[in-house]
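Student: After the structure tokens below, expect a handful of questions from me.
The values are calculated or read from the model by the stated rules, or taken from the named source; none is laboratory data. Nothing here was measured: the structure is a model prediction, and the numbers come from that model. Cβ coordinates were reconstructed from backbone atoms using ideal geometry, including for glycine residues, and neighbour counts include every protein chain displayed.
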Amino acid sequence: MSRNNRVHQRECFGMYMQKWKGEPAWIRLVVDNILNEIPWYAKRIPLIRDAALGSVLYHEFGHHIHKTKKPEFKETEDVADKWSDKLLAAYLRKQYWYFRPILMPIAYTFKLARKLLARFLPTKR
């Protein structure tokens, strides 16, 4: 079940199974389904592969954290998505630290351009 919809196992990317009858909790990733969502030319780029696999893995970790450590009274998928974003960003920052000096000026330029466009272009009413 995902957001009150049944998802067949052959269509899902991963699943979290909680601790039950003395068995530990476990996570299953369906790597074929995850990688089928990536175009063939992008599969050769490690950053894209890591982001695709990491988003699913950390989503499932989010379910575990929600269940065992930090329960919240919200939709479980939303909580898992929030944890996935947080954990994946931390992983990518640590793993691909050398992109930061390149991406920071680009991000600053886009932010500045957006401010200038908002200032000089008329707003729609």
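Student: Quick check on my filter: what residues within segment 30-51 are of a type in the set (Lys, Arg) and either farther than 21 Å from Lys94 by Cα or assigned to a loop (DSSP other than H, G, I, E, B) (or both)?
Tutor: If the condition is that a residue be of a type in the set (Lys, Arg) and either farther than 21 Å from Lys94 by Cα or assigned to a loop (DSSP other than H, G, I, E, B) (or both), then Lys43, Arg44 are the ones that fit.
Student: A further question on this structure: Can you report the number of residues in segment 1-29 which are in a loop (DSSP other than H, G, I, E, B), in contact with a helix residue (DSSP H, G or I) (Cβ under 8 Å, 6 or more places away or on another chain) and at pLDDT 90 or above?
Tutor: 2
Student: Moving on. Out of all the residues in segment 91-125, which are over 30 Å from the mean Cα position of the chain (by Cα) and either of a type outside the set (D, E, K, R) or surrounded by 10 or more Cβ atoms within 10 Å (Cβ to Cβ) (or both)? Before the answer, list the steps.
Tutor: Taking segment 91-125 first, the residues over 30 Å from the mean Cα position of the chain (by Cα) are 116-125.
Of everything in segment 91-125, those that are over 30 Å from the mean Cα position of the chain (by Cα) and either of a type outside the set (D, E, K, R) or surrounded by 10 or more Cβ atoms within 10 Å (Cβ to Cβ) (or both) turn out to be Leu116, Leu117, Ala118, Phe120, Leu121, Pro122, Thr123.
Student: Give segment 1-12 a look and list any residue that's within 16 Å of Thr76 (Cβ to Cβ) and either more than 16 Å from the chain's Cα centre (by Cα) or touching a residue at least 24 places away in the same chain (Cβ under 8 Å) (or both), or say none.
Tutor: Of everything in segment 1-12, those that are within 16 Å of Thr76 (Cβ to Cβ) and either more than 16 Å from the chain's Cα centre (by Cα) or touching a residue at least 24 places away in the same chain (Cβ under 8 Å) (or both) turn out to be Met1, Ser2, Arg3, Asn4, Asn5, Arg6, Val7.
Student: How many residues does segment 86-122 contain that are of a type in the set (A, V, I, L, M) and under 27 Å from His59 (Cα atoms)?
Tutor: 8
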